[in-house]
Amino acid sequence: MSVWQSSLKAAMSHLDQSGMIRSLKVRESPNAPVVTLNGQEKLAFCSNDYLGLSYHPELIAALNEGTKLYGTGSGASSLISGHTSIHAELELRLASIQSLHIPNVGASYISTGFMANIAVITALATLGNISIYSDALNHASIIDAIRLAKASSQATCFVYQHANYEELHQLLTMDPNPLKLIVSDGVFSMDGDIVDLPQLLVISKEFDALLYIDDAHGFGVLGNSGHGILEHFNIQANNLIYMGTLGKSAGIAGAFVVAEQAWIDWLIQKARAIIYSTAPPPNLAFALLKSIDLITGDEGALRRKQLNSLIEYWTTHARFTKWQAVLSQTAIQPLIIGSNLDVLKVSEQLSKANLWVPAIRPPTVPVNTGRLRIALNALHETTHLEMLIDRLKAIQ
Ligand SMILES: Cc1ncc(COP(=O)(O)O)c(C=O)c1O
């Protein structure tokens, strides 16, 4: 056995012993409340397709039409030749959605949310030795973006305890650096809580800091028209960069950054994740325009209403003697089980009852807070939640 092979074997067996092995599950059907897994039908609570749009007939038709009109691939990075009229149209639309909240607004459409976080944070760090303030529960892609900003520029990072704005304030008070950036998830991906954006905005203004909000789990579902967290809190800000994703509630793929046009221009100069990567496929941009019509129109409103009634049902009825249900106002409803082995066991027992709720373990969540991340979507029905709650009560 080579040194590489024995190192790999030892590392895998270490993961195995600590209940940390991850394995892919192959889904054989489209995203829906009931999916097929290994030939068996399961009621699923694990998709971020919160509005249930990823198999919508109008989006399927739009993707087909977009493919006929623009082809399957963009062929090059945006700055070379990959930026088409449909990319530009989508960006205009995405910018106009947030125009009530951000002045002189522009947008950039990027392949994924992970890349968008890398793009924005590393591009901002090229402006000098910046200080980055990051919530302890921010998404892995923000953490990696900050790591890259520290390595490639000379950024310094301060992590404040989750939603502890007093601590954030204190850290900012002690920092003589004029270039301060506060970064936070809008909806925290593993807890489902919503950031206190009005408070964060007050703090950012006090310290002349720039605010970067990752609204991956808010765009499409928060706000009356589904515009996301800025609409939810009715925010107007000129020191804010907003990132939304398009593979979750929008049901397709990709992400976008919206900010004052000057920031978008800076991304085009300095964001290596944009400059050196093939532009997203144009057919996706075409279908995304349709998805935005659905999100912001009557159908989106109806789907949000159904989702909100499911959230209300869950938060009223999910009570367990052994486990703590972390009740949130969003589609993400965690049930904290504890150790890796325990959460794996509960997930497995649910699976035997044809309920699919994956076990979420460290490093995605803190040690000993292994959890079921129950994700609701607008296509679920109350009876689905009843089934899950009954089964969990029987298992506990
Ligand atoms: C908060 C947050 N930001 C960014 C991302 C990455 O987005 P994408 O899946 O489009 O890469 C995720 C993905 O789950 C997320 O939860």
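Which residue is farthest from D49 (Cα to Cα), if the candidates are limited to the range 359-368 and must be surrounded by fewer than 20 Cβ atoms within 10 Å (Cβ to Cβ) and not aliphatic (A, V, I, L, M)? Per the criteria, the residue is N368.
You will find that of L92, L79, the residue that is without any contact (Cβ under 8 Å) to a residue 24 or more places away in the chain, of a type outside the set (D, E), closer than 30 Å to I274 by Cβ and assigned by TED's automatic domain parsing to the domain that holds G106 is L92 and no other.
The residue pairs whose first member lies in the range 127-144 and is without any contact (Cβ under 8 Å) to a residue 40 or more places away in the chain, whose second member is away from the ligand (no atom under 12 Å from the Cβ), and whose beta carbons are closer than 7 Å, counting only pairs six or more residues apart or on different chains, are A136/V159; A136/Y160; A136/Q161; A136/H162. Filtered by the rule that a residue be within 15 Å of the ligand (Cβ to nearest atom), without any contact (Cβ under 8 Å) to a residue 60 or more places away in the chain and within 27 Å of Q154 (Cβ to Cβ), the range 180-203 gives S184, D185. For the range 215-249, the candidate set comprises residues that are closer than 19 Å to L90 by Cβ and of a type in the set (F, W, Y); within that set, the residue that is surrounded by the most Cβ atoms within 10 Å (Cβ to Cβ) is F219.
Provide a single number: the residues in the range 51-105 that are in a helix (DSSP H, G or I) and under 22 Å from G300 (Cα atoms).
19
Checked against (1) outside the structural domain of L222 (by TED's automatic domain parsing); (2) of a type outside the set (S, T, N, Q); (3) in contact with a Ser or Thr (Cβ under 9 Å, 6 or more places away or on another chain), F286 passes all but condition (1). Number of residues in the range 333-359 that are more than 23 Å from the chain's Cα centre (by Cα) and among the hydroxyl-bearing types (S, T, Y) equals 2.
Considering the range 257-266, the residues that are closer than 11 Å to G106 by Cα and of a type outside the set (S, T, N, Q) include one that is nearest to the ligand (Cβ to nearest atom), namely V257. Inside the range 26-50, residues that are assigned to a loop (DSSP other than H, G, I, E, B), more than 29 Å from I295 (Cα to Cα) and in contact (Cβ under 8 Å) with a residue 24 or more places away in the chain make up a count of 0. For the range 124-175, which residues satisfy the criterion of being hydroxyl-bearing (S, T, Y) and part of a strand (DSSP E or B)? Those that are hydroxyl-bearing (S, T, Y) and part of a strand (DSSP E or B): S131, Y133, S134, T156, Y160.
In the range 204-312, counting only strands (runs of 3 or more DSSP E) that sit wholly within it, the ones holding 2 or more residues that are small (G, A, S) span 255-260. Filter the range 204-214 for residues that are within 14 Å of the ligand (Cβ to nearest atom) and over 19 Å from N129 (Cβ atoms); which is surrounded by the fewest Cβ atoms within 10 Å (Cβ to Cβ)? It comes out as I213. R391 fulfils the conditions (1) more than 23 Å from I21 (Cβ to Cβ); (2) assigned to a strand (DSSP E or B); (3) not small (G, A, S) except for a single criterion, (2). Contact annotation: residue pairs with Cβ atoms under 9 Å, 6 or more positions apart or on different chains, pairing a residue in the range 61-74 that is in the same structural domain as P281 (by TED's automatic domain parsing) and among the aromatic types (F, W, Y) with a partner that is assigned to a loop (DSSP other than H, G, I, E, B) and surrounded by 14 or more Cβ atoms within 10 Å (Cβ to Cβ), are Y70/T84; Y70/P281. Has the range 247-256 got any residue that is away from the ligand (no atom under 16 Å from the Cβ), in the same structural domain as L127 (by TED's automatic domain parsing) and at pLDDT 95 or above? No.
When you scan the range 138-152, do you find a residue that is touching a Leu at 6+ places or on another chain (Cβ under 6 Å), more than 16 Å from the ligand (Cβ to nearest atom) and more than 30 Å from S309 (Cα to Cα), even just one?
no
The values are calculated or read from the model by the stated rules, or taken from the named source; none is laboratory data. All figures in this text were calculated on a predicted structure; none of them were measured in a lab. All Cβ positions, glycine included, derive from the backbone under ideal geometry; neighbour counts span all protein chains shown.
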